[in-house]
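Chemist: Here it is, the structure in full.
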Amino acid sequence: MSSSHPICRVMSATEAETLAVSLKAIADPVRLRLISLVAAHEDGEACVCDLTEPVAFSLPTVSHHLTILVDAGILACNSAASGRTSASSPRPCTHSPA
C-alpha cells in the first residue's frame, strides 16, 4: 500500500515561487484592504483615485500597492479613455464575513 495521499504532492520550484509572490502581495494590511475595497465596488472595479481616501495614502502610494497586486495576478488594471486608471478583481469575491 502506498503512503502517498492522492491529493497531496510536492510543489515544484516554479509553483512555490509563483505562490510566494502572491502570498507576499497579500501579506500587507493596506493591500488586503485595497482588495476588499475593489471587490466591494460595483462590478468589482474601482478608480484608483477613489481608493486613496479610504486607506489614507497618497495616489502614488496606492498605485504602488496596486501594481504589486496586479503583478501578482490578484487584481487587473484597466486604463480608461479619460486617463483614469482603475483596478478590478479578476474573479468574484468569495470572502464571506464571519
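The values are calculated or read from the model by the stated rules, or taken from the named source; none is laboratory data. If you're wondering where the values come from, they're calculated on a predicted model, not measured in any experiment. Cβ atoms come from the backbone with ideal geometry, glycine included; neighbour counts cover every protein chain shown.
Chemist: Given the conditions (1) surrounded by 13 or more Cβ atoms within 10 Å (Cβ to Cβ); (2) small (Gly, Ala, Ser); (3) at pLDDT 90 or above, which single one is not true for SER88?
Modeler: Of everything listed in (1) surrounded by 13 or more Cβ atoms within 10 Å (Cβ to Cβ); (2) small (Gly, Ala, Ser); (3) at pLDDT 90 or above, SER88 misses just condition (3).
Chemist: OK, next. Which count do you get for residues in the stretch 17-42 that are over 15 Å from HIS65 (Cβ atoms) and exposed (fewer than 14 other Cβ atoms within 10 Å of the Cβ)?
Modeler: 6
Yes/no per residue for (1) in contact (Cβ under 8 Å) with a residue 12 or more places away in the chain; (2) basic (Lys, Arg); (3) assigned to a loop (DSSP other than H, G, I, E, B):
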{"site": "ARG9", "(1), (2), (3)": "no, yes, yes"}
{"site": "SER36", "(1), (2), (3)": "yes, no, no"}
{"site": "CYS49", "(1), (2), (3)": "yes, no, no"}
{"site": "PHE57", "(1), (2), (3)": "yes, no, yes"}
{"site": "PRO60", "(1), (2), (3)": "no, no, no"}
{"site": "HIS65", "(1), (2), (3)": "yes, no, no"}
{"site": "ILE68", "(1), (2), (3)": "yes, no, no"}
